[in-house]
1. Under 1.5 on a/c is rounded, so check that first for the range 584-728, then, if it is not, pick prolate when a/b is larger than b/c and oblate when it is not; a ≥ b ≥ c are the square roots of the alpha carbon gyration tensor eigenvalues.
2. Just to confirm a number: summing +1 for Lys and Arg and -1 for Asp and Glu over residues other than residue 472 whose beta-carbon lies under 15 angstrom from that of residue 472, what do you get?
3. In nm, to one decimal, how far is the modelled label at residue 392 from the one at residue 431, with both set 7 Å along Cα→Cβ?
4. Could you state, as a whole-number percent, how many of the C-alpha pairs of the range 662-728 are farther apart than 17 Å?
5. Based on other C-beta atoms within 10 Å, arrange 438, 96 from fewest to most.
6. Which of 714, 173 comes first, and how do the rest follow, when ranked by fewest Cβ neighbours within 10 Å?
7. Cα centroids of the range 259-338 and the range 473-513: how far apart, whole angstrom?
8. Do you know the Lys pair count in the range 105-189 for C-alpha distances under 18 Å, with sequence separation 8 or more or different chains?
Amino acid sequence: MRYHPFYCLLFVSSSLIAQQPTPAPADDRVGVYRTTEDPSLELRLDRREGQLIVSILGQGVVPLKEVSPGHYKLAIVKPVVTLDFEKDIAGNIIACRIFQKEPPHTWTRVGETSADPAGDYHLDINPYPIVHILNKNNSLFIQSGLHHESPLIKLGPGTYQYTYDDKKYGVKFQSGAGGAIKSVVITGSYPLRLTRVSKTLPHVSNRVNGFTHADTLQGMLTPVRSCYDVLFYDLALTILPETKSIRGSNTIRWRAVRPFRRMQVDLFENFSIDTIMYHGNQLAYIRDGNAVYVDLPAEVANGSIDELRIVYSGTPLQPDVEATKGGIFWLWDRNRQIWIESVTQGIGASVFWPCKDHLSDRPDSMRIRVTVPTGLTEISNGQLLNKVDLPSGQTRFDWYVDYPIVTYNVVFYVGDYVHFSDVYVRPAGDTLPLNFYCLRYNLDSAKAVFSDAKRMLALYERDFGPYPFPRDGYTALEGIYPMDHQGAVCIGPMRSPFNGDKYDGDVMRTMWHESAHEWWGNNVGCADYADMWIHEGFATYAGFLNVESLSGRAVAVKETLFGSPANKEPIIGVYNVNHFHMGDMYLKGALLLETLRSLTGNDSLWFSIFHAIQRRFRYTPVATQAVETTFSELTGKDYSWFFDQYLRHAAVPLLDLHFRQDGDRLYLTYKWVADVPGFRMPIRVSVAPGRLGFICPTTAPQTMELTGMTEKDFTVDTDHFYVNVKRE
């Protein structure tokens, strides 16, 4: 997965960029606001660094610009959105009102037209909301989304009015040839009032704010989770775009690691569990937030293989882009076709399906069956086994994953996709099937981007080892949010923003990054989110290797290892909590690898270590210590001090230099300033005019004499060694 600016729509059309939350001073406007008209619409108001900002759950962040006292407009949003606050008699803010000037909404009839207005109508600009017109005893009613039915009061021929939440709406039916009603125009939806439901913003779990009980329930391997090992998942989903909901079931087959009677399964509490079936009988369960404790009728024996089936339904959470927490994106493409993607980054697979939601336990294989409205294409992990047209305008897509898979990689994409394929001939002479998907109108761009896939795969097989999932093949596709879903790698939208005309020139680099996760993350991956640098540091470094192979190492250093990590906290996160901690694991992880490569000084040895890690820990969750040990073992050197400093401490080692000039002789005193006692990294510096060589600083001062040089002649190779330098 990649930290990537995300473009989305707010109300009608705007570009919003996800940002990381930072602590804010007290402000009487800060809080959470919701509307009764659309419970899924949540507005969060915050103040950061003197700027009042608005975040819309599932969409992003935008600053507020004050146009007059108490009145604001949302920056960069078009058509213009204004916002003002409502206060009670004591002067306390109790609500906000938003208004966006726009024409009346036209809803097009779904299915065949008739003179009877009763039927379903969808919004042209966004096909997900559905208006239902009902005819009951010759009286018309309207129902929209989650609203209750409201009676339509006739004002004139084809013209009606209804009232909802003390607001009046106009309704006018439009007829075509022969009097058949083809659409309905609804007016009067603004201003939209959002009630302040909380003066505090939701808790953001991190080292500073602390972690919750729910974080521990999902992130820790307690006895009720470690007692069983998952062998197989059989997941079936029905996607219901009109209500942004899903119905599903999952059969979990497991092997008992020790005798047990109670087990924990994970499913977010906003889902209802209809039944849990075991050997034809319904099981009892209790819930603790997102944890589901299932009690079996009798203790299962150690080593026994068994299974249960969970049937569930509900409305999944929408992604919180700002906090990098996934969910289900319900959007539409530029042709007004449904576009959906599940993303579980930063939140866990149980945000939309029941499973043992822990990185340490991968099923050996998995079946995924997804039912969607006919006319749309659905893509999941692995191999497409079958496509079945069902009654009532639905189509089921059957997929099979023939390898262990991390639960957060399980995905469904739904949209107006087109497919094309190719074959990659591997060095051994066998072939790997390549499958590509893109939105219908982006086919030319997709063929240009995906034409680099074979070169990229050849590079990764050379540097990392054989492609880990040959039976499933390699699949890459255009999607809403770039992610490393195993066997269904998403490179993000082809266009930025995704419904615009501008081609996103960075999308090929995104493909490099996300595809590298097939090796780093999906094959060899961490057992705890705290060690996620194994995924992201190596995948970021893969981008460096691509540029190096195309343009040379010097260009790669300048183009891909640019910027400066924050160095505010260690790369390794907090163990035993469900916390995808972003931070420095991407860039700093890649920089430490380039530093270690320079220390190794032998590319043949360096890349053989990558191959060894892939072989040793194939399809296996690992800890950082296992990766460290492999490097030290195969280089024949103890690098524990190196990994401790770069991974377990926030600060970068500082090379402290003191100069004294005496004629043509330069005397240099040097030492490392580091958190790790005994830090002793060699580094390349000027050892003679125009020549670099290694010195071996420690945390104790050393002195060297350089002839024919001045301080200005002395350089430190900070291109290939990620260090700070202090010169005195």
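Here, each number is a calculation from the coordinates, and none is a lab measurement. The structure presented is a predicted model; accordingly, all values stated were derived computationally and were not measured. Heads up, the Cβs are rebuilt from the backbone with ideal geometry, glycines too, and the neighbour counts pull from every protein chain shown.
1. Prolate.
2. Neighbourhood net charge equals -1.
3. Output for this residue pair reads 4.1 nm.
4. Tail of P(r) above 17 Å: 41 percent of Cα pairs.
5. Ascending number of Cβ neighbours within 10 Å: 96, 438.
6. Ranking 714, 173 by Cβ neighbours within 10 Å, fewest first, gives 714, 173.
7. Taking the Cα centre of the range 473-513 as reference, the centre of the range 259-338 is 29 Å away.
8. 5
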